[in-house]
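Notes follow once the structure below has been shown.
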Amino acid sequence: MFWFEKENPDVTFIDCRVETHELCDGRELIVNPDVVASFENLPFEDESFYHVVFDPPHLLYAGRTSWMAKKYGSLDRGWEQLIRKGFKECFRVLKPNGTLVFKWNETDIPISKVLKLTDVSPLYGHKSGKQQKTHWVCFIKPVEGYT
């Protein structure tokens, strides 16, 4: 949803879904990733990327068939373990000194709870959106000490 140039050859779009839906406002939502995979188990070698954007589902209370769940995905009760695995995988495929941009909307879960799920401290962040609930957080992968 946030890409300016979705077809940029330097971008590899990953999602676990391939779907097309009509949203409540009549727009068509197309989820057609370059690679179909879960962020829990990325099909890339260690230290493959200089830059990773991690934009996981953030909703706990969206109905499975709601347009919000179709657009953004949804989480289950074990969300903490899922997000923890996602951070670990993002840092695994990131090169040392590489950047990880993490996007989170705290409608259902505060960002403070989510940031406790990684051992790497964020460098900076920014709130956005009409209600300032979407957070963009930037990390740099440590050169040493990350496993």
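The values are calculated or read from the model by the stated rules, or taken from the named source; none is laboratory data. Here the structure is a predicted model, which is why all the values come from computation and not from measurement. Note that each Cβ is placed from the backbone with ideal geometry, even for glycine, and that neighbours are counted across all protein chains shown. We work out accessible area using only protein heavy atoms, side chains counted, and drop any ligands, DNA or RNA first. Shrake-Rupley method; radii C 1.70, N 1.55, O 1.52, S 1.80 Å.
Assorted remarks:
- Candidates Leu59, Leu29 - the one that is open to solvent by less than 40 Å² (accessible area, probe 1.4 Å), in a loop (DSSP other than H, G, I, E, B) and either in contact with an Asp or Glu (Cβ under 9 Å, 6 or more places away or on another chain) or without any contact (Cβ under 8 Å) to a residue 60 or more places away in the chain (or both): Leu59
- Number of the condition not met by Tyr72 [criteria: (1) over 18 Å from Asp108 (Cβ atoms); (2) of a type in the set (Ser, Thr, Tyr); (3) within 13 Å of the chain's Cα centre (by Cα)]: (1)
- Number of residues in the range 91-147 that are assigned to a loop (DSSP other than H, G, I, E, B), among the basic types (Lys, Arg) and touching a residue at least 24 places away in the same chain (Cβ under 8 Å) equals 2.
- Test: residue in the range 36-48 that is within 28 Å of Val143 (Cβ to Cβ), open to solvent by less than 40 Å² (accessible area, probe 1.4 Å) and in contact with a Pro (Cβ under 8 Å, 6 or more places away or on another chain): yes
- The listed residue being touching a Ser or Thr at 6+ places or on another chain (Cβ under 8 Å) and closer than 30 Å to Leu23 by Cα, out of Phe139, Phe87: Phe87
- Residues of the range 85-141 satisfying the condition of being hydrophobic (A, V, I, L, M, F, W, C), open to solvent by less than 50 Å² (accessible area, probe 1.4 Å) and under 16 Å from His58 (Cβ atoms): Phe87, Cys90, Val101, Phe102, Trp104, Ile109, Ile111, Val114, Leu115, Leu117, Val137
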